[in-house]
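First up is the structure itself, then whatever we jot down about it.
Just so it is clear, none of the values below were taken in a lab; they were calculated from the coordinates. Model, not experiment: these values are computed from the prediction. Every residue, glycine among them, receives a Cβ derived from its backbone with ideal geometry; neighbour counts consider all protein chains shown.
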Amino acid sequence: MLRALQRSGLPVWRTQGFHPHIYCTFAHPLSLGYTSSYEVMELRVTDDGLQSSEMLARLQKVCNQDIFPTAAGDAVMKINSLAFAGYELLICGGANALERIQAFFDQPSIPLERVSKKTGRVSRFDLKEKMREALAVAQGEDARIRLILPAGPKETVNPGLAAGALLRFLGREELRVQVHRFGLYDQEMNLFL
Amino acid sequence: MRVSNQLESILMEVQKPARYTGGEVNSVIKDPSKADIRFAFCFPDTYEVGMSHLGMKILYSVLNRMEGVWCERVFAPWLDMQEAMAKQSIPLYALESKDPLLDFDFIGFTLQYELSYTNVLAMLDLAGLPLRAADRGEDAPVVIAGGPCACNPEPLADFIDLFSLGEGEEALPELMELYRACQKEGAGKREFLRRAAQIPGFYVPALYDVVYQADGTIASVTARAGAPAPVEKRIIRDLDSVYYPEAFVVPYLDIVHDRAVEEIFRGCIRGCRFCQAGYIYRPVREKDPETACGQARALCEATGYDELSLSSLSTSDYTRLDGLLEGLLSWSEPEHVSLSLPSLRIDNFSSVLLEKVSRLKKSGLTFAPEAGTQRLRDVINKRLTEEDILNTCRTAFEGGYTSVKLYFMVGLPTETDEDVVGIARLAQTIVDLYYSLPAKPKGKSVQVSISVASFVPKPFTPFQWFPQNTREELRRKQRLLLDAVTTRKVSVSWHDADVSELEAVFARGDRRLGRVIEAAYRRGCKFDSWDDCLDLEKWRAAFRENGLSMDFYAHRPREYNEVLPWDLFDYKISRAFLQRENEKALAGETTPHCRESCAGCGAAAWKEGVCVENRQSGVSKKRGREVYFPSGR
Ligand code: SF4
């Protein structure tokens with residue numbers, strides 16, 4: 001993305017110092033292997049008169065179809081107000097286990113473990129307390145689950161952890177899971193803008 | 001099932017999946033129905049290494065500019081991916097189309113280092129092709145290889161249909177046209193290869209018979225079916241008019257050299273006697289500063305890179321560096337592009353420019369004295385004096401630098417223990433110099449890093465007849481050097497002696513080594529240039545199995561009159577010249593560089609570049625342009 005910004009020639013603000021570089025932040029970067037409906041990127045421009053529409057057009061011109069800017073506008077929320085993300089987990093070939101899937105999410109508590117990337121320390125938490133919503137429906141042979149999980153500077157729960165626990169619960173660890181993020185929200189579940 | 005569908009299921013299981021997905025900005029997608037020639041350009045190492053390679057970027061663009069030719073990229077999948085692909089029966093595929101290599105007309109390898117040879121075999125195997133050229137049918141893709149190691153391609157002769165010698169920008173399009181003509185006529189692969197051998201710069205090993213003597217040396221090489229002997233390399237005569245990529249593929253993951261690169265000249269004037277690149281790319285041919293400047297700017301605009309590196313064997317020897325830098329800085333600064341100038345001797349240009357450059361990118365201070373004493377530096381024709389090094393260090397220390405990196409080699413011809421200890425002594429002298437300077441950076445200590453490689457004798461160098469030191473001898477010298485370093489301010493790092501030994505074997509190897517490479521590959525050798533993958537025991541077993549010895553290739557002195565495997569290839573570096581240089585080395589005599597006087601190496605036969613520059617007036621005879629001579633030497 002930095003290369004695309006450089007190609008666009010937009011008047012983007014750069015950090016000062018010995019090796020100045022373009023300032024640009026992604027709101028909650030997606031984990032490897034997941035897809036998303038959209039990503040949110042924040043940057044600063046040095047020209048206040050620059051219209052969002054022009055900015056979008058210039059960026060679109062230098063991007064390829066795989067990473068394509070869809071909208072631009074003034075930042076409404078601060079990145080640190082991010083609190084939740086909405087995911088769709090597609091359990092390939094899981095339609096016949098729909099009831100069991102719902103039973104997994106209906107348990108009074110779902111104890112999980114996570115390992116800190118930085119310290120390697122293992123901590124335990126209850127998924128049930130963290131998640132907002134879990135709804136499973138059948139789609140052909142697959143099961144599709146909507147799940148809202150914490151995602152922000154305060155706390156993040158990787159949907160992969162939930163998926164792993166679910167497959168273990170089903171005793172179907174061979175099933176393939178596709179994770180798609182469809183939205184980012186603040187604490188009040190307002191769409192992140 | 002299509003490869004792209006199968007891939008989805010394994011990408012999450014492997015490290016760095018972006019190595020295998022393609023789709024990068026500036027990658028070339030064509031309509032396969034309109035491409036009558038499909039070329040799979042293979043780099044026999046990982047994506048990160050291969051994507052950093054300039055030659056591949058150039059040839060990728062050159063081929064894709066041709067109507068009807070679609071060139072795609074292929075890199076060696078890392079071991080985890082090879083395993084995953086095997087499990088799912090996914091054949092090796094090209095990144096752009098995800099089509100299996102078997103669907104291609106050409107499979108082309110670039111041979112940058114000898115230790116990638118088993119990866120060439122691995123890639124053929126993953127593609128589902130028989131390894132040996134003789135076992136592949138008329139319908140199988142043509143397997144071609146080029147790059148610096150193709151100057152002695154004999155160890156791979158059994159596996160490759162066709163080698164490209166020298167620079168490929170003009171030769172490869174000619175080959176594509178020939179292929180097209182053969183397709184039209186209905187001429188098969190065998191006939192295509194017979195005709196390809198007639199194009200200068202192409203070598204078809206199957207058209208030559210090699211006979212060996214009882215002692216294992218070569219008795220004779222005979223050409224068949226009208227194939228030429230010797231086979232001439234190709235060069236680009238005019239770097240200003242030859243195509244240079246307007247865009248590089250911009251990777252999604254970090255690669256080894258992730259920046260825009262502008263090539264400013266080919267060849268080297270210096271003639272260091274151990275350095276193969278210094279001979280096989282002769283003569284020196286420069287690009288005009290305006291051409292280089294324009295190309296570099298276009299490249300930065302097309303890629304979005306904010307770092308530009310100049311590429312050549314020795315940036316300081318570019319005759320119009322001041323003008324080039326001024327041109328580059330005029331746009332790079334406002335456009336926030338930083339310049340990096342590798343292989344630069346900072347004693348050579350004006351302090352104003354030095355200041356400008358160092359303001360933009362403060363790279364480390366590096367020298368390559370290569371040997372620890374003046375005597376040995378004379379032997380290798382490295383005409384860098386201790387005074388040069390100390391003077392530059394003084395300027396740099398006074399300008400705020402606190403670390404220096406020095407590159408050396410051990411095992412050089414005529415080397416004594418005194419030369420080895422001399423490396424530590426030189427490092428200590430630099431440390432002492434730092435502390436003697438009143439204007440040194442305040443409160444900081446100095447760090448001198450020494451990086452030591454083992455000397456590998458290479459074809460087409462004056463040292464091609466010398467034996468390599470044995471591993472035991474190299475290890476003894478390592479210990480000797482380490483014992484001679486008495487301060488923490490000097491750190492020493494080593495290249496692995498095992499790697500160097502194998503390199504020495506294959507650099508000067510003959511065709512019989514094909515059996516060994518295949519046996520080693522079958523035993524599991526891959527990614528041999530990666531320290532944690534190299535398994536010398538397996539290699540030893542492969543040699544034993546085939547009745548050959550590493551000593552014969554690496555540690556045996558050659559007589560001047562021995563027929564060498566690469567004698568068949570004409571790189572316009574005469575044997576008489578190399579022998580003369582070898583004798584001068586033994587006598588400790590140096591040879592001036594090409595801009596001081598011509599040493600008559602043979603490259604003048606091209607009537608190009610430095611060979612036709614007028615040394616007195618500084619004006620190139622050919623194009624009548626001004627030539628600036630760097631001061632100092
Ligand atoms: S012929 Fe002379 S000038 Fe030309 S490359 Fe050889 S030594 Fe240098």
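Each stretch of four or more DSSP H residues adds -39500 (n - 2.57); spread over every residue of chain A, this sum gives -6000 deg cm²/dmol at 222 nm. Across every pair of non-identical alpha carbons in the protein assembly as shown, the mean reciprocal distance, once inverted, gives a Kirkwood radius of 30.0 Å. Computed from point charges on the beta carbon alone (+1 for Lys and Arg, -1 for Asp and Glu), the dipole magnitude for chain B about its Cα centre is near 1060 Debye. Normalised by 2.2 N^0.38 Å, where N is the number of residues, the alpha-carbon radius of gyration of chain B equals 0.97.
Based on C-alpha pairs under 8 angstrom that are at least 6 apart in sequence, chain A has a relative contact order of 26 percent. Which of rounded, prolate or oblate describes region B:31-164 when judged by the alpha-carbon gyration tensor and an a/c cut-off of 1.5? Judged from the Cα gyration tensor, region B:31-164 comes out rounded (a/c under 1.5). In chain A, the alpha-carbon atoms span a convex hull of 152 Å³ per residue.
The Stokes-Einstein estimate for region B:500-594, based on a Kirkwood radius over Cα pairs and taken at 37 °C with 0.692 mPa s viscosity, is a diffusion coefficient of 210 µm²/s. If you run the Gaussian network model on chain A, springs between alpha carbon atoms under 10 Å, then out of A:P159, A:P150, A:P20 the most flexible one is A:P20.
What you get for chain A, charging only the Cβ of Lys and Arg (+1) and of Asp and Glu (-1), is a dipole of about 620 debye around the Cα centre. Straight-line reach from A:K128: taking Cα to Cα under 16 Å and skipping same-chain neighbours fewer than 8 places apart, the aspartates and glutamates in range are A:D106, A:E113, A:E155.
With the cut-off at 32 Å, tell me which of the pairs B:K382/B:K489; B:K287/B:K489; B:K87/B:K538 have Cα atoms farther apart than that. Violating the 32 Å limit, Cα to Cα: B:K287/B:K489. Listed values for region B:568-583 are Karplus-derived 3J(HN,Hα) couplings in whole Hz (6.51 cos²θ - 1.76 cosθ + 1.60, θ = phi - 60°), namely 5, 9, 9, 9, 6, 10, 6, 5, 4, 5, 4, 5, 4, 5, 5, 5, and x replaces Gly and Pro.
Note that region B:514-519 has calculated 3J(HN,Hα) couplings of x, 4, 5, 4, 5, 5 Hz, one per residue in order, obtained from phi through the Karplus relation 6.51 cos²θ - 1.76 cosθ + 1.60 (θ = phi - 60°); glycine and proline are x. Within 10 Å of the Cβ of each residue in B:297-306, the mean number of Cβ atoms contributed by other protein chains is 4. Sequence-ordered 3J(HN,Hα) estimates for region B:410-424 from the Karplus curve with 6.51, -1.76 and 1.60 and θ = phi - 60° stand at 10, x, 5, x, 6, 4, 10, 4, 4, 5, 5, 5, x, 5, 5 Hz, glycine and proline given as x. Compute the whole-percent fraction of alpha carbon pairs in region B:173-247 spaced more than 22 Å apart. So the pairs more than 22 Å apart make up 44 percent of the total in region B:173-247.
Where a ≥ b ≥ c are the square roots of the eigenvalues of the C-alpha gyration tensor, would you call region A:2-62 rounded, which needs a/c under 1.5, or, failing that, prolate if a/b is larger than b/c, or oblate? Oblate is the answer for region A:2-62, as a/c is 1.5 or above yet b/c matches or exceeds a/b. Taking the Cα centre of the protein assembly as shown as reference, the dipole from Cβ charges on Lys and Arg (+1) and Asp and Glu (-1) amounts to some 1120 debye. Each helix, a run of at least 4 DSSP H residues, gives -39500 (n - 2.57); summed and divided by the residues of chain B, these come to -10000 deg cm²/dmol at 222 nm.
The alpha-carbon of B:K442 sits under 15 angstrom from the alpha-carbons of these aspartates and glutamates, leaving out residues fewer than 8 places away in its chain: B:E398.
At 0.36 nm per residue, minus the direct Cα-Cα distance, what do A:F125 and A:R176 gain on full extension? Give it in nm, one decimal, please. Before the final figure, lay out the partial values.
Numbers: separation 51, 0.36 × 51 = 18.36 nm, distance 2.46 nm.
Value of the extension gain: 15.9 nm.
Expressed as a fraction of 2.2 N^0.38 Å, the C-alpha radius of gyration for region B:168-211 is 1.21. Extension gain for B:R475 to B:Q579 (0.36 nm times residue separation, less C-alpha to C-alpha distance): 34.5 nm.
The GluC sites (Glu not before Pro) of region B:220-295 include none that meets both criteria, a DSSP state outside H, G, I, E and B (loop) and at most 11 other C-beta atoms within 10 angstrom of the site's C-beta. For chain B, the relative contact order comes to 14 percent (Cα pairs under 8 Å, sequence separation of at least 6).
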